[in-house]
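A short worksheet on the structure shown next.
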Amino acid sequence: MTDQDGREISVHQRTVALCRCGRSARKPFCDGTHKATRFRATSGA
Ligand code: FES
């Protein structure tokens, strides 16, 4: 996995979730904050 500048992002898990709400403290990964903010993507899952 790489970021927008091509730098490698170290992933130590078999499954990862990327943040779509923009509020995660662990970007680019989801940390569950979307639940507290009740984020809903307009485009769906
Ligand atoms: S989608 Fe952003 S914290 Fe989960």
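Here the label points at T37 and V11, each 7 Å from Cα along the C-beta direction, are separated by 2.2 nm in the simple model. Helical content of the chain, expressed as a calculated mean residue ellipticity at 222 nm, amounts to -2000 deg cm²/dmol (DSSP H runs of 4 or more residues, -39,500 (n - 2.57) each, divided by residue number, nearest 500).
Couplings 3J(HN,Hα) of the range 11-19, computed from phi: 10, 10, 10, 6, 10, 10, 10, 8, 6 Hz, in residue order, whole Hz [Karplus 6.51 cos²θ - 1.76 cosθ + 1.60, θ = phi - 60°; x for Gly and Pro]. Here's how it looks for F29: its modeled amide H is under 5 Å from those of C19, which are all 5 or more places away or on a different chain. Using +1 at the C-beta of Lys and Arg and -1 at the C-beta of Asp and Glu, which of A25, T42, H12 has the Cα lying farthest in the positive direction of the dipole of the chain? The residue sitting farthest along the positive end of the dipole is T42.
Surface exposure of the chain, expressed per residue as accessible area with a 1.4 Å probe, stands at 91 Å². Basic side chains Lys and Arg get +1 at the Cβ, acidic Asp and Glu get -1 at the Cβ, and with that the dipole of the chain about its Cα centre reaches some 320 debye. Residue-wise HN-Hα couplings along the range 34-44, as the Karplus relation 6.51 cos²θ - 1.76 cosθ + 1.60 with θ = phi - 60° gives them from phi, are 4, 5, 5, 8, 6, 5, 10, 6, 5, 8, x Hz; Gly and Pro carry x. Computing the accessible area with a 1.4 Å probe over protein heavy atoms, can you report the carbon and sulfur percentage for the range 2-42? Reported share for carbon and sulfur atoms: 45 percent.
The values are calculated or read from the model by the stated rules, or taken from the named source; none is laboratory data. Just so we're clear, the structure is a prediction, and the values are computed from it rather than from any experiment. Here the Cβ is made from the backbone with ideal geometry for all residues, glycine too, and neighbour counts use every protein chain on show. These area figures cover heavy atoms from the full protein model, side chains too; ligands, DNA and RNA do not enter into them. Shrake-Rupley method; radii C 1.70, N 1.55, O 1.52, S 1.80 Å.
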